[in-house]
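Asker: Provided herewith is a single structure, encoded as structure tokens, for subsequent inquiry.
The values are calculated or read from the model by the stated rules, or taken from the named source; none is laboratory data. Keep in mind it's a predicted model, so treat the numbers as computed, not measured. Glycine gets a Cβ as well: all are built from the backbone with ideal geometry, and neighbour counts include every protein chain shown. Heavy atoms of the whole protein, side chains included, go into the accessibility calculation; ligands, DNA and RNA do not. Shrake-Rupley method; radii C 1.70, N 1.55, O 1.52, S 1.80 Å.
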Amino acid sequence: MKQVAIITGGGRGIGAATSLLAAQRGYAVCVNYHQNQTAANDVVSKIQDSGGEAIAVQADVSVEADVERLFQTVDAQLGVLTALVNNAGILEQQMKVEAMSLDRWKRVFATNVFGSFLCAQAAIQRMSAQHGGWGGAIVNVSSLAARAGSPGEYVDYAASKGALDTFTIGLAKEVAEEGIRVNAVRPGFIDTAMHASGGEPNRIDRVKGQVPLKRGGTAKEVANAILWLLSEEASYTTGGFIDVAGGR
Ligand code: NAP
């Protein structure tokens with residue numbers, strides 16, 4: 001059966017590494033992006049140059065109409081969806097909770113939590129045996145921050161990932177009998193551009209001493225765990241978590 005994956009935020013960082021690895025493993029890949037079309041097109045070109053199948057689709061995962069268009073595009077251009085990676089995520093400038101605004105919390109939760117809910121909903125409508133689908137797998141990209149809390153940096157971001165963890169547990173149980181597995185990875189300090197969004201591009205250099213393995217991780221190391229959870233090798237794993245965090 002053809003394997004078809006949507007990777008949200010698939011043009012950069014962990015999403016790009018996941019898109020490339022998914023293509024290597026034989027998936028036809030939809031590289032979703034929000035604003036950076038160039039990065040998404042680069043990933044698609046790399047996949048196509050290696051003989052794989054990929055498309056880039058712009059969509060803001062926090063906008064319901066965008067998500068519906070994203071999934072309909074995949075239905076039409078790639079075929080029956082078998083895998084979703086809810087990877088798109090944001091954080092904002094490091095600060096204490098007492099200085100944060102309600103608008104900021106709404107932005108962070110809209111993308112990290114509601115975006116993942118919307119994409120999972122659209123995926124279930126296509127994968128569920130109750131809707132005539134053939135099953136599938138969903139992986140949510142949470143964060144070790146869900147356990148650590150990110151004090152003084154972005155407690156809102158950490159709390160959004162805590163919500164994603166609970167979503168993973170509940171949804172996994174809800175759709176298990178419909179042929180859909182739902183799992184999550186919790187990356188630690190991973191070397192991507194995300195830390196610049198918090199105002200500290202070199203954050204990993206500052207914090208890597210807290211990691212038992214004494215280094216930051218790579219996007220590829222997270223992608224390896226995501227692809228395992230998507231694969232048939234993880235056929236008895238649902239509602240599970242893989243911490244990719246160097247022992248933290
Ligand atoms: P990144 O390099 O900043 O990439 C974020 C990606 O998300 C980009 O491709 C971006 O699209 C996309 N995105 C953001 N808002 C979106 C929206 N509303 N709709 C669709 N796409 C959107 O970050 P990263 O480090 O790879 O992070 C990926 C995931 O891993 C996130 O969920 C993050 O919370 C999680 N994570 C990261 C770390 C880490 O240390 N890096 C640790 C734990 C968890 P554009 O390219 O179009 O801007």
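Asker: Does any residue of region 144-158 turn out to be open to solvent by less than 30 Å² (accessible area, probe 1.4 Å) and either in contact with a strand residue (DSSP E or B) (Cβ under 6 Å, 6 or more places away or on another chain) or at pLDDT below 95 (or both)?
Answerer: Taking every residue of region 144-158 in turn, at least one turns out to be open to solvent by less than 30 Å² (accessible area, probe 1.4 Å) and either in contact with a strand residue (DSSP E or B) (Cβ under 6 Å, 6 or more places away or on another chain) or at pLDDT below 95 (or both).
Asker: Within region 1-40, track down each residue that is crowded, with 16+ Cβ neighbours inside 10 Å, within 15 Å of the ligand (Cβ to nearest atom) and assigned to a helix (DSSP H, G or I).
Answerer: Passing the criteria: Gly13, Ile14, Gly15, Ala16, Ala17, Thr18, Ser19, Leu20, Leu21, Ala22, Ala39, Ala40.
Asker: Tell me the residue from Val74, Val80, Val108, Val139 that is without any contact (Cβ under 8 Å) to a residue 60 or more places away in the chain and either buried (at least 22 other Cβ atoms within 10 Å of the Cβ) or among the β-branched types (Val, Ile, Thr) (or both), please.
Answerer: One residue alone meets the criteria, Val108.
Asker: Could you check Glu53 against (1) within 8 Å of the ligand (Cβ to nearest atom); (2) open to solvent by 40 Å² or more (accessible area, probe 1.4 Å) and say which number it fails?
Answerer: (1)
Asker: Under the condition of being outside any helix (DSSP H, G or I), under 18 Å from Gln58 (Cα atoms) and of a type in the set (Val, Ile, Thr), which residue from region 70-125 is farthest from the chain's Cα centre (by Cα)?
Answerer: Of everything passing the filter in region 70-125, Ile90 is farthest from the chain's Cα centre (by Cα).
Asker: Can you pull out the helices (runs of 4 or more DSSP H) entirely within region 139-248 that have at least 1 residues that are more than 22 Å from Thr111 (Cα to Cα) and more than 16 Å from the ligand (Cβ to nearest atom)?
Answerer: 155-175, 219-230
Asker: Right, another one. Identify all residues within region 111-123 that are open to solvent by 30 Å² or more (accessible area, probe 1.4 Å) and of a type in the set (A, V, I, L, M, F, W, C); write none if there are none.
Answerer: Result: Phe114, Phe117, Leu118.
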